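> Have a look at the structure that comes next, please.
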Amino acid sequence: MQGGTAMKKFLSLFTQSAAELKKLRSLTGIAMLVALNVALSFATIPIGSTMKISISFLAIAIMGMLYGPVAAGMGAALGDILSYLLTPGNSMGAYFFGFTLTAFLGGIVYGIAFYSCKVSVPRIIIAKAAVNLLLNLLLNTFWIFILYGKAVGIVEIFSRIFKNLLMLPLEIAALFIILKAITKLIQQKKVTIV
């Protein structure tokens with residue numbers, strides 16, 4: 001019985017988030033966060049040919065917290081496509097849907113972790129670890145393998161592991177600071193988001 005209740009609560013995250021897409025105020029907020037995500041995606045530090053350090057994930061995490069997994073997933077996918085289209089001279093190479101799928105799944109993870117619940121350190125750690133280790137490290141490495149049609153070299157794999165593990169605590173701290181600040185502003189009614 002309790003498992004059914006947990007599943008209903010989990011599925012309600014998706015229905016509530018999908019309902020956000022019917023509200024003009026929510027669509028406006030989502031659009032601003034997608035724009036922020038795109039702008040932050042250009043403020044990166046490249047590491048090699050296939051990696052970069054970016055804080056654009058913060059906009060997607062905020063979107064997940066405010067509007068849920070459906071809205072955050074769609075916003076992250078849209079942000080990925082727009083970032084590609086706006087890249088000068090398409091220096092990123094040919095468009096590949098796999099990276100958009102990874103962005104979409106990252107938005108889903110943030111929405112599940114932060115929507116309609118109290119932001120906590122364990123939730124932030126689990127969400128960011130899932131995004132960094134499962135999506136950024138494993139899934140994106142798989143996409144690179146498919147895209148370039150060759151095995152990813154051991155140096156590439158170790159550099160990806162090192163980068164994701166090194167950035168994980170810094171990104172967790174940034175998420176905690178930003179999400180707590182937004183929660184505080186909403187609670188003090190200084191900002192009306194939804």
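> Connecting C-alpha atoms closer than 10 Å in a GNM of the chain, tell me which of Ala77, Ala103, Ala129 has the biggest fluctuation.
Looking only at Ala77, Ala103, Ala129, the largest GNM fluctuation is found for Ala129.
> Carbon and sulfur atoms: what percent of the 1.4 Å accessible area of the chain do they account for?
Carbon plus sulfur share of accessible area: 74 percent.
> Here is a further query. Which pairs break 20 Å Cα to Cα here: Lys128/Lys163; Lys22/Lys128; Lys52/Lys163?
Lys22/Lys128
> Related question: Excluding ligands, DNA and RNA, what is the solvent-accessible area per residue of the range 1-80 at a probe of 1.4 Å, expressed in Å²?
53 Å²
> Roughly speaking, what is the centre-to-centre gap between the range 108-123 and the range 4-18 when only Cα atoms are used, to the nearest Å?
Answer, in whole Å: 14.
> Evaluate the relative contact order of the chain (contact order divided by residue number), counting alpha-carbon pairs under 8 angstrom at least 6 apart; express in whole percent.
21 percent
> Just checking my list [x] 17.0, 56; [y] 15.0, 44; [z] 18.4, 59 against Rg and Dmax of the Cα atoms in Å computed from this structure; which label fits?
Comparing each candidate, only [x] matches the computed number.
> Under 5 Å between amide hydrogens, which residues at least 5 positions from Ile47 or on another chain qualify, with H placed 1.01 Å from N in the peptide plane?
Lys52, Ile53
> How large is the helix-only mean residue ellipticity at 222 nm for the chain, computed as the sum of -39500 (n - 2.57) over DSSP H runs with n ≥ 4, divided by its residue count, in deg cm²/dmol to the nearest 500?
Computed ellipticity for the chain at 222 nm equals -24000 deg cm²/dmol.
> State which helices in the chain qualify, where a helix is a whole DSSP H run, it must extend 18 Å or more along its own axis by its Cα atoms, and its mean Kyte-Doolittle hydropathy must be at least -1.0.
Length and hydropathy pass: 2-20, 24-41, 57-86, 97-114, 154-187.
The values are calculated or read from the model by the stated rules, or taken from the named source; none is laboratory data. Fair warning: this is a prediction, and the values are worked out from it, not measured in the lab. In case anyone asks, the SASA skips ligands and DNA or RNA and just uses the protein heavy atoms, side chains included. Shrake-Rupley method; radii C 1.70, N 1.55, O 1.52, S 1.80 Å.
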